[in-house]
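S.K.: I'd like to ask you about the structure that follows.
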Amino acid sequence: MTSPLATGVFGLASATSWGAGDFSGGLATKRAPVFTVAAVSKLASLATMLFFAWLRAEQIPSLHVLVWAGAAGVGGAVGLMALYQALAVGVMGVAAPVSAVIAATMPVVFAALSEGLPTDLQLTGFGLAMAAVWFISRPAGGALPGRPRQTRGLTLAALAGLGFGVFYIFISRARANVVFWPLAASQLVTLVTVLAVVGILALARRSSTDRLPIDAVPLMLLAGLLDAGGNAFFLLAEHAGRLDVAAVLASLYPASTVVLARLILNERVSRTQAVGIVAALASIPLIAG
């Protein structure tokens with residue numbers, strides 16, 4: 001049984017949690033290597049999922065569900081590492097929205113093919129939300145500081161969007177009466193993937209892995225906890241309604257990243273970005289139906 005209200009509430013909760021997690025992870029990557037941040041945050045996220053699965057006494061789902069969840073974890077690993085690196089080398093208010101546009105487009109197309117087209121009102125909301133994220137992605141001052149930084153940041157952001165789009169679609173196939181076991185499976189695969197990349201890079205450089213900066217650990221753990229919350233809220237939103245509605249609402253996460261960057265880092269929010277935030281707010285009731 002679908003519930004548009006529940007989909008809307010959980011989708012927005014996912015966006016808020018993911019956006020705050022991306023901000024924390026982005027700050028951490030300025031103090032520690034991106035793969036270290038990804039590994040520690042995913043370890044925290046996995047521990048959180050396992051704890052809540054135990055607390056709710058959830059039954060382990062079928063192998064079919066776990067395979068889809070694991071496949072989603074691979075996409076999540078690619079998206080996470082690419083986004084954290086993009087946030088570290090680029091501008092936070094640009095990298096996150098670009099990844100969000102690509103990530104949201106993929107499940108919208110998939111849902112249209114598998115579930116049919118949404119209502120005209122929701123399609124209007126989708127368009128407004130996409131425009132909102134595009135406006136939010138415009139940096140203050142109209143240009144990015146440095147062409148190499150711009151190119152690298154946008155390329156990584158695009159790769160992050162593809163990875164998150166794969167996560168959205170595959171985790172939606174992990175249908176079960178439980179929430180935290182499928183997410184724990186996806187987080188485990190993501191963690192293993194990240195650790196494998198760390199090991200390969202260490203062998204390629206023939207050097208030991210970088211030290212773990214103690215001052216960055218709290219940010220990494222916070223990023224992992226917020227990422228776990230975002231994942232759980234997204235899956236609840238998808239279970240309560242359509243995949244495209246849940247994905248587009250959850251993909252509004254750049255708004256909270258931009259707001260936090262403004263409040264904490266004093267990054268300027270341009271008029272164009274402000275228009276985008278207003279458009280994002282206006283799209284919510286349309287998408288929720």
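The values are calculated or read from the model by the stated rules, or taken from the named source; none is laboratory data. These numbers come from a predicted model, not from an experiment. Heads up, the Cβs are rebuilt from the backbone with ideal geometry, glycines too, and the neighbour counts pull from every protein chain shown. When the accessible area is computed, the model is the full protein with side chains, heavy atoms only, and any ligands, DNA or RNA have been set aside. Shrake-Rupley method; radii C 1.70, N 1.55, O 1.52, S 1.80 Å.
S.K.: Of the residues Ser256, Ser270, which single one is more than 17 Å from Gly26 (Cβ to Cβ) and among the small types (Gly, Ala, Ser)? Break it down stepwise before answering.
M.R.: Working: Ser256 fails: more than 17 Å from Gly26 (Cβ to Cβ).
Every option except Ser270 fails the conditions.
S.K.: Could you tell me how many of the residues in segment 15-33 are within 11 Å of the chain's Cα centre (by Cα) and under 9 Å from Ala216 (Cα atoms)?
M.R.: Final tally of qualifying residues: 0.
S.K.: Can you pull out every residue in segment 230-262 that is open to solvent by 20 Å² or more (accessible area, probe 1.4 Å) and either over 30 Å from Gly116 (Cα atoms) or part of a helix (DSSP H, G or I) (or both)?
M.R.: Phe233, Leu236, His239, Ala255, Ser256, Val259, Leu260, Arg262
S.K.: Counting only residues that are open to solvent by less than 20 Å² (accessible area, probe 1.4 Å), modelled with pLDDT under 85, in a helix (DSSP H, G or I) and not aliphatic (A, V, I, L, M), how many does segment 112-167 have?
M.R.: Residues meeting the conditions: 1.
S.K.: Further question on the same structure: So in segment 263-281, with the set limited to residues that are outside any helix (DSSP H, G or I) and at pLDDT 80 or above, which one is surrounded by the fewest Cβ atoms within 10 Å (Cβ to Cβ)? Spell out the reasoning first.
M.R.: So in segment 263-281, the residues outside any helix (DSSP H, G or I) come out as 265-270.
Still in the running and at pLDDT 80 or above: 265-266.
On the way: Leu265: 13, Asn266: 7.
My answer is Asn266.
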